[in-house]
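A short worksheet on the structure shown next.
The values are calculated or read from the model by the stated rules, or taken from the named source; none is laboratory data. Please read all numbers here as calculations on a predicted model, not as lab measurements. As a convention, Cβ positions derive from the backbone with ideal geometry for all residues, glycine included, and neighbour counts pool all protein chains shown.
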């Protein structure tokens, strides 16, 4: 049953990622065409992170107490509602609402069927690293296909591309309904407030008593400075560098290909010396991000994406390895909530910075800050020591 569930999850996740990725390569131009400014776009993303922050941990606790399969299906309904608002409305307020629903989708889907599979894999003493790597590779492949298809559809039908996304989400839900089998006893039927409190206390106690988890939590709070700056501003950065709108999807695909290749590396083979040396090299070449020479700024940007994709993969592997099966959803959601706090701060700061600096300057400053902070964290905390 485990193998069938893994295959069902791979298929459903592949469809879902394609749907989510349809607007990714052209999201900034799409929202600009709906009348939003670049600063308002960042505010929309900030509201998304805020909604996730508020709902993330409660949803993770619920995922430990109820059917994770059903919670995943509920999340799909939120995503369909979000896509529908973007499809039919244009104003800033409706975009806020759409991204708020997107945030609820993100919280409900976090720590659900993937967490169940991680628990089952650990119980069956299978290779967890292999599952995580394969899942990430499928995710990045889906992002490549989705962004390419979305870029093509955007040029032809504009926001109507969200219709395709809604159809794919429905296929994803049907795949889980018919092919993902949940074991009896995978969730508790009693959902009292007392039980919720006990679950919260248990997961927080595990975090308090496990120094390794606390160190890994701190590590996960450093990388969002890079990723939020990258995810939310890369399109503005390349547009500012003179890249034409219709070619943005090429860079998006390149980033996903890099991430796919990175996940062929084994997280358990992490080398502290190589990581620290790479950080110093990247810090040294980071000023080239301000250059207008294509080979320079594109090459350095790609190296940054590759390095942080690998570090995120390694940190995620370590966290999954050390967390207990009883609290995996709660602690995964707590981790995500902490990351969202940093994300909200970074997005709010970026929105303010755009009043005084160009996207080029902001990207360069944030990337350099992340490199410096991560260097000292790895050097002092040594999160990958057994």
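When region 294-318 is limited to residues that are modelled with pLDDT under 95 and over 18 Å from the mean Cα position of the chain (by Cα), the one that is surrounded by the fewest Cβ atoms within 10 Å (Cβ to Cβ) turns out to be 295.
Could you check region 116-134 and list, in sequence order, the residues that are out of contact with any helix residue (DSSP H, G or I) (no Cβ under 7 Å at 6 or more places or on another chain) and within 25 Å of residue 306 (Cα to Cα)?
Hits for region 116-134 are 127, 130, 133, 134.
Here are 8, 19: which of them is assigned to a helix (DSSP H, G or I) and either without any contact (Cβ under 8 Å) to a residue 12 or more places away in the chain or more than 18 Å from the chain's Cα centre (by Cα) (or both)?
Criteria check complete, one pass: 8.
Results for (1) within 18 Å of the chain's Cα centre (by Cα); (2) closer than 29 Å to residue 181 by Cβ; (3) part of a helix (DSSP H, G or I), shown as yes or no for each residue.
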{"position": "90", "(1), (2), (3)": "no, no, no"}
{"position": "93", "(1), (2), (3)": "no, no, yes"}
{"position": "100", "(1), (2), (3)": "yes, no, yes"}
{"position": "126", "(1), (2), (3)": "no, yes, no"}
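Residues 312, 337, 348, 320: which one is farther than 30 Å from residue 120 by Cβ and touching a helix residue (DSSP H, G or I) at 6+ places or on another chain (Cβ under 8 Å)?
The match here is 348.
Just so you know, in region 322-362 the residues that are within 19 Å of residue 240 (Cβ to Cβ) and not in a helix (DSSP H, G or I) include one that is modelled with the lowest pLDDT, and it is 355. Counting only residues that are touching a helix residue (DSSP H, G or I) at 6+ places or on another chain (Cβ under 8 Å) and surrounded by fewer than 19 Cβ atoms within 10 Å (Cβ to Cβ), region 228-238 holds 0 of them.
Select from region 211-247 the residues that are within 20 Å of the chain's Cα centre (by Cα) and closer than 16 Å to residue 154 by Cβ and list them in ascending order. Passing the criteria: only 235. What about residue 269, is it surrounded by fewer than 15 Cβ atoms within 10 Å (Cβ to Cβ) and farther than 23 Å from residue 360 by Cα? When the stated conditions are applied, residue 269 passes them. All of 31, 62, 16, 71 fail the test of being more than 30 Å from residue 245 (Cα to Cα), at pLDDT 85 or above, in contact with a helix residue (DSSP H, G or I) (Cβ under 7 Å, 6 or more places away or on another chain) and buried (at least 20 other Cβ atoms within 10 Å of the Cβ), apart from 71. Every residue in region 237-260 that is modelled with pLDDT under 90 and within 16 Å of residue 310 (Cβ to Cβ), please. Across region 237-260, the qualifying residues are 256, 257, 259, 260.
Applying the set (1) over 15 Å from the mean Cα position of the chain (by Cα); (2) assigned to a helix (DSSP H, G or I); (3) under 28 Å from residue 150 (Cβ atoms) to residue 118 leaves exactly one unmet item: (3). Within region 22-40, the set of residues being free of Cβ contacts under 8 Å to residues at least 24 places away in the same chain and in a helix (DSSP H, G or I) comprises just one member, 32. Taking the criterion of being touching a helix residue (DSSP H, G or I) at 6+ places or on another chain (Cβ under 7 Å) and not in a loop (DSSP other than H, G, I, E, B), the residues of region 258-279 that qualify are 258, 259, 260, 262, 267, 268, 272, 275, 276, 278, 279. Looking only at residues of region 342-364 that are farther than 16 Å from residue 238 by Cα and more than 21 Å from the chain's Cα centre (by Cα), we find that the one that is surrounded by the most Cβ atoms within 10 Å (Cβ to Cβ) is 353.
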